Amino acid sequence: MGKSVNKFFGFISRYRRHRFAGPLMLLSGLLFAGIGYTVAHAATEEVQVVLSSDKASLISEGKEIFARGCSSCHGLNAEGAGAAPSLIGVGAASVDFQVATGRMPMADMSQQAMRKDPVYDERETAALAAYVASLAPGPAAVTNEELFWERDGNTAEGGELFRTNCAMCHNLAGQGGALTQGKYAPTVMGVEPKHIYEAMVTGPQAMPVFANSVLTHEEKLSIIKWIKFVETEPSQGGAALGRVGPVTEGAVGFILGLGILIGIAVWLTTKAR
Amino acid sequence: MSARERVAGGTASFIDERTGAAKWMKKTLTKVFPDHWSFMLGEIVMYSFVILLLSGTFLTFWFDPSMREVEYEGSYEPLNGIKMSAAYASALHISFDVRGGLLMRQIHHWAALIFMAAMVVHMMRVFFTGAFRKPRELNWIIGVALLTLGIVEGFLGYSLPDDLLSGTGIRIAEAIIQAIPVVGSYLSYFIFGGAFPGEMFIQRIYAVHILLIPGIMLALITAHLMLVWYQKHTQYPGPGRTEKNVVGYPLMPVYMAKAGGFFFIVFGVTAFLGAVAQINPIWIYGPYNPGQIGAGSQPDWYMGWLDGLVRAAPPIETHAFGITISWNILIPGLIIPGIIFTLMAFYPFIEQWMTGDKREHHVLDRPRNNPNRTAIGAMSLTFTLVSLINGGNDLLATHFDLSINQIMWFSRIGLIVLPPIAFVITKRICLSLQRADREKVLHGRETGRLVMLPHGEFIEVHEPLSPEKAYVLTAHEQLPALEIGEADENGVANPQGFKGKLRARMSKASQEQISKPTPKEMLELEDGHH
């Protein structure tokens, strides 16, 4: 036994300066961490499934997640502190928008929270939303039945409303636009209808709130329907060039159009020699 | 004589007997043009203009230049039932319901962008090679007029479809008109036939866009070409090329084939772009409504630098005697472009004044051999480029995660600081290139071949230039700076005053050169080598 252990360490000692030793160690380390993480992750998920889904326990679960992931900025009772606002009364819709689009928790304290892969899954988000909604009443998360935009929306009217209310920041084609001091209105392309709706209701970050007195429920659905039309319509007339208008068109005209023509002119005049 | 020859000959004599064309044709068809790619830039402009005329004519068949309000009932579903001008509705009709309509619209727009781009690059060629010098100053001025008209024409075309983007452009044009002190608001009412937007401007813009400006441009292009014809084409320096001859190929058959073929190439490239790349998707933008606006509204690129200047302007206005003067629009929108275009038009004369060189020139300068002019050009381009960048500041901000305020401040400072820096750097580069030319002529080309001599020394073999190459590098003349004395022969100090002093300084700056090798130096070196 002792002899074989010695033999093993002797083997390691002998090859510890081998040129593959470093990469091999790194690889095994990564493999170990990866497997460990996967196992641990699966274990926690299992715990969640075990949790019951009634409202009270959802809230308490949300409170726990909140304490772990949000309270360092928003305060232990969501009362807000320093850079982070109070979340009392923002409602479930706001939490769902911010968390499900990955904006919260923020990766860094830059100009504004940006869209990224969500940190919490659907259930955790719902728990967080339930917890925050339990603190004080606020806009509730929109249900699928309410969000029947294919049926209740009107594309043409939605386009008109979008141009009146949204295009000034989000661009005529919904591609997003710049605001002051590095803030921006993000693109509305590729956003879940639910999140578009919640953004209108809650006015995240620099966006104003579009209450039902400003845009009715049906009008909001019309806007969503128009956005979804523009998002999925085929690009008539060729490559869309980012749909940001004359800047890219000018660049293409100059570089591709005139560039090709000058190239041909050079070719035409060299051949003659 | 074959039958074919008989028919051709018969036709030729029929025309000749009635027009006397043969003598003229004989002279004309053998006219010689020099060969260089940069001489074809103007051709791209001309062919794009022809494409614009043809595709534009096609569009007029369906375009309805009217601001009459209609309800859209066409193929594009998201606009159905929306109230809009007949102009916008007909532009949608062309895009979706006329066979080949969208393709033609896109060809028309791409051709306009290429037209302006080629015009600017053509102008850069003329400027940097000194092709505008006597006797071609008038043609340069015609060119500046064509550039100005082209910008206006392009802007009007951009405004015609009456979509939300183009209406926004018209709104800014209205602001610039109103910024003219005292008469601005009257002019605006006059142009729009009342308060903006009124019910007139599409009809009026249409008449100007399809009739007036193209007519003037066509006349100017004709004059431009006739002057090129009459004054003969310039040529780059080279052995056998003098101020009195033109070395090149005859019009018939070489340039007939080349130029004719090139037209179809330009048409092909434009049609290719029109077929594969979407331009100005007006159906997404929606109809114009003064109450609506879109983020990222931009003009076409040739107006982008003007937009950038307006975006850079700080909000300053004064109120006096019941009149408001909006400096923030007036300066970037009218005064700066006015100064730029005036200086550009008069540059040939300004340069003559600076150098005192009023002789005719038909052989072009290599840009490095006139460092001052090249540096002035680089300075102007830097200014325009910085303002062009600021014109797209919102897109730069969103696409490169920058702050729009910081881009604006960069542009504000850059517009003032960067052009002089570009001037100095360009001038130094030119002088360095001159130095390199001088080295090459005197000591030959560095071949990169190292040779070890018998006593162990390493040398790099320099290969003498061919006489042709050496000629190109030394053909230019270097004028001395103007002598403007401190006192005239009667002892009166500084006879020309400030103007004389300024001119002396300008002349000194513009004649700053690395002296090219003299024949004597060449001979001495040759003696030394052999």
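Out of all the residues in the range B:9-16, is one or more in contact with a strand residue (DSSP E or B) (Cβ under 8 Å, 6 or more places away or on another chain) and among the aromatic types (Phe, Trp, Tyr)?
So far as the range B:9-16 goes, no, none of its residues is in contact with a strand residue (DSSP E or B) (Cβ under 8 Å, 6 or more places away or on another chain) and among the aromatic types (Phe, Trp, Tyr).
Would it be correct to say that residue B:174 is outside any strand (DSSP E or B) and in contact (Cβ under 8 Å) with a residue 40 or more places away in the chain?
No: the conditions fail for residue B:174.
Return the residue satisfying two criteria in turn: it lies in the range B:317-335 and is part of a strand (DSSP E or B) and hydrophobic (A, V, I, L, M, F, W, C), and of such residues it is nearest to residue B:416 (Cα to Cα).
Checked the range B:317-335; the qualifying residue nearest to residue B:416 (Cα to Cα) is B:325.
Examine the range B:254-270 for a residue that is away from chain A (no Cβ under 13 Å) and either of a type outside the set (Asp, Glu) or buried (at least 24 other Cβ atoms within 10 Å of the Cβ) (or both), and state whether such a residue exists. I'd like the intermediate steps shown before the answer.
First pass over the range B:254-270, keeping only residues away from chain A (no Cβ under 13 Å): B:256.
Still in the list and also either of a type outside the set (Asp, Glu) or buried (at least 24 other Cβ atoms within 10 Å of the Cβ) (or both): B:256.
There is at least one residue in the range B:254-270 that is away from chain A (no Cβ under 13 Å) and either of a type outside the set (Asp, Glu) or buried (at least 24 other Cβ atoms within 10 Å of the Cβ) (or both).
Give B:279, B:284 a once-over and let me know the one that is buried (at least 17 other Cβ atoms within 10 Å of the Cβ), part of a loop (DSSP other than H, G, I, E, B) and of a type outside the set (S, T, N, Q).
Details: B:284 fails: part of a loop (DSSP other than H, G, I, E, B).
Criteria check complete, one pass: B:279.
Quick one: in the range A:207-238, which of the residues that are aliphatic (A, V, I, L, M) and in a helix (DSSP H, G or I) is farthest from the other protein chains (Cβ to nearest Cβ)?
A:221
Just to be sure I understand, how many residues within the range B:424-445 are touching a strand residue (DSSP E or B) at 6+ places or on another chain (Cβ under 6 Å) and not small (Gly, Ala, Ser)?
Number of matching residues: 2.
When you scan the range A:164-206, how many residues do you find that are within 14 Å of chain B (Cβ to nearest Cβ) and either in contact with a Pro (Cβ under 7 Å, 6 or more places away or on another chain) or in a loop (DSSP other than H, G, I, E, B) (or both)? Step through it out loud before you land on a result.
To start, the set of residues in the range A:164-206 that are within 14 Å of chain B (Cβ to nearest Cβ) comprises A:164-189, A:206.
Next cut, either in contact with a Pro (Cβ under 7 Å, 6 or more places away or on another chain) or in a loop (DSSP other than H, G, I, E, B) (or both) only: A:166, A:171-176, A:179, A:183, A:186-189, A:206.
Matching residues across the range A:164-206 total 14.
Given the conditions (1) at positive phi; (2) in contact with a strand residue (DSSP E or B) (Cβ under 8 Å, 6 or more places away or on another chain); (3) away from every other protein chain (no Cβ under 14 Å); (4) not hydrophobic (A, V, I, L, M, F, W, C), report the number of the one that residue B:326 does not fulfil.
(1)
All but one of (1) modelled with pLDDT of 90 or more; (2) more than 16 Å from residue A:199 (Cβ to Cβ); (3) within 14 Å of chain B (Cβ to nearest Cβ) hold for residue A:111; state the number of the condition that does not hold.
(1)
May I ask you to list the residues in the range B:287-316 that are β-branched (Val, Ile, Thr), assigned to a loop (DSSP other than H, G, I, E, B) and more than 11 Å from every other protein chain (Cβ to nearest Cβ)?
Matches in the range B:287-316: B:316 only.
For the range B:77-159, list the helices (runs of 4 or more DSSP H) that sit wholly inside it and hold at least 2 residues that are away from chain A (no Cβ under 12 Å) and under 16 Å from the mean Cα position of the chain (by Cα); which are they?
Answer list for the range B:77-159: B:101-128, B:137-159.
Which residues, taken from the range A:242-273, are modelled with pLDDT of 90 or more and of a type in the set (A, V, I, L, M)?
Across the range A:242-273, the qualifying residues are A:247, A:251, A:252, A:255, A:256, A:258, A:260, A:261, A:262, A:264, A:265, A:266.
Mind listing just one residue for me: the one in the range A:126-159 that is among the β-branched types (Val, Ile, Thr) and part of a helix (DSSP H, G or I) and, of those, farthest from the chain's Cα centre (by Cα)?
For the range A:126-159, the residue satisfying everything is A:155.
Determine whether residue B:59 is modelled with pLDDT of 95 or more, within 11 Å of chain A (Cβ to nearest Cβ) and more than 23 Å from residue B:224 (Cα to Cα).
Spelling it out, it is not the case that residue B:59 is modelled with pLDDT of 95 or more, within 11 Å of chain A (Cβ to nearest Cβ) and more than 23 Å from residue B:224 (Cα to Cα).
Scan A:146, A:150 and give me the residue that is farther than 28 Å from residue B:164 by Cβ and surrounded by fewer than 21 Cβ atoms within 10 Å (Cβ to Cβ).
Matching residue, one of A:146, A:150: A:146.
So for the range B:432-448 (the condition being in contact (Cβ under 8 Å) with a residue 12 or more places away in the chain, over 30 Å from residue B:480 (Cα atoms) and not β-branched (Val, Ile, Thr)), does at least one residue qualify? Even if it seems obvious, please write down each step before you answer.
In the first step, residues of the range B:432-448 are kept if they are in contact (Cβ under 8 Å) with a residue 12 or more places away in the chain; the result is B:433-435, B:437-438, B:440-448.
From the residues that got through so far, the ones that are over 30 Å from residue B:480 (Cα atoms) too are B:446-448.
Imposing the further condition that a residue be not β-branched (Val, Ile, Thr) reduces the set to B:446, B:448.
Yes, there is a match, as at least one residue in the range B:432-448 is in contact (Cβ under 8 Å) with a residue 12 or more places away in the chain, over 30 Å from residue B:480 (Cα atoms) and not β-branched (Val, Ile, Thr).
When the range A:240-273 is examined, which residues are found to be small (Gly, Ala, Ser), closer than 24 Å to residue B:46 by Cβ and at the interface with chain B (Cβ under 7 Å from one of its Cβ atoms)?
Passing the criteria: A:250, A:253, A:257, A:265, A:272.
Among the helices (runs of 4 or more DSSP H) lying completely within the range B:363-459, list those that include at least 2 residues that are modelled with pLDDT under 95 and basic (Lys, Arg).
B:404-443
So which residues in the range B:307-333 are over 17 Å from residue B:171 (Cα atoms) and polar (S, T, N, Q)?
B:318, B:324
Do we have any residue at all in the range B:250-258 that's in contact with a strand residue (DSSP E or B) (Cβ under 7 Å, 6 or more places away or on another chain), of a type in the set (A, V, I, L, M) and not in a helix (DSSP H, G or I)?
No, because not a single residue in the range B:250-258 is in contact with a strand residue (DSSP E or B) (Cβ under 7 Å, 6 or more places away or on another chain), of a type in the set (A, V, I, L, M) and not in a helix (DSSP H, G or I).
Residue B:376 is checked against (1) farther than 30 Å from residue B:34 by Cβ; (2) without any contact (Cβ under 8 Å) to a residue 60 or more places away in the chain; (3) crowded, with 16+ Cβ neighbours inside 10 Å and fails just one. What number does that condition carry?
That leaves (1) as the condition not met.
Can residue A:56 be described as part of a helix (DSSP H, G or I) and modelled with pLDDT of 90 or more?
It is false that residue A:56 is part of a helix (DSSP H, G or I) and modelled with pLDDT of 90 or more.
So that you can scan it fast, the table gives a plain yes or no per residue for (1) more than 30 Å from residue B:149 (Cβ to Cβ); (2) at pLDDT 85 or above:
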{"position": "B:10", "(1), (2)": "yes, yes"}
{"position": "B:23", "(1), (2)": "yes, no"}
{"position": "B:29", "(1), (2)": "yes, no"}
{"position": "B:53", "(1), (2)": "no, yes"}
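Report whether or not residue B:243 is in the same structural domain as residue B:158 (by TED's automatic domain parsing), touching a residue at least 60 places away in the same chain (Cβ under 8 Å) and exposed (fewer than 14 other Cβ atoms within 10 Å of the Cβ).
So residue B:243 passes the test.
For the range A:154-171, give me each residue that is in contact (Cβ under 8 Å) with a residue 12 or more places away in the chain and surrounded by 23 or more Cβ atoms within 10 Å (Cβ to Cβ).
Those that are in contact (Cβ under 8 Å) with a residue 12 or more places away in the chain and surrounded by 23 or more Cβ atoms within 10 Å (Cβ to Cβ): A:158, A:159, A:162, A:166, A:170, A:171.
The values are calculated or read from the model by the stated rules, or taken from the named source; none is laboratory data. Fair warning: this is a prediction, and the values are worked out from it, not measured in the lab. Note: ideal-geometry Cβ built from the backbone for every residue, glycine included; neighbour counts use all protein chains shown.
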